[in-house]
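Beneath this line is the structure, given in structure tokens, with notes to follow.
The values are calculated or read from the model by the stated rules, or taken from the named source; none is laboratory data. These numbers come from a predicted model, not from an experiment. Backbone-built Cβ (ideal geometry, glycine too); neighbour counts: all protein chains shown.
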């Protein structure tokens, strides 16, 4: 089986965005650089840091609300890759 080389968020998480109810998956990213590509922004150090700050602020709240992708209210979560693999 061919090994797929992917750089996950912080090395072990998926970044997932759900609608504001938290029921419908909207977007799923492996890392911050994919988010920047989705937004059409260059992958500079300052842009990566800015996205990490927005993620941190959203994830530390109880609601996980953010408007960082396309200015619509949605929820953001991280999913541990190792836990996902164990459940399969």
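Residue by residue, here is whether (1) modelled with pLDDT of 95 or more; (2) surrounded by 13 or more Cβ atoms within 10 Å (Cβ to Cβ); (3) at positive phi holds:
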position	(1), (2), (3)
6	no, no, no
9	no, yes, no
14	no, yes, no
22	no, yes, yes
30	no, yes, no
42	yes, no, no
56	no, no, no
59	no, yes, no
70	no, no, no
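Within the stretch 24-37, the set of residues being closer than 17 Å to residue 13 by Cβ and out of contact with any strand residue (DSSP E or B) (no Cβ under 7 Å at 6 or more places or on another chain) comprises 33, 34, 36. Of the listed requirements (1) under 17 Å from residue 70 (Cα atoms); (2) at pLDDT 95 or above; (3) surrounded by fewer than 16 Cβ atoms within 10 Å (Cβ to Cβ), residue 46 misses just one: (1).
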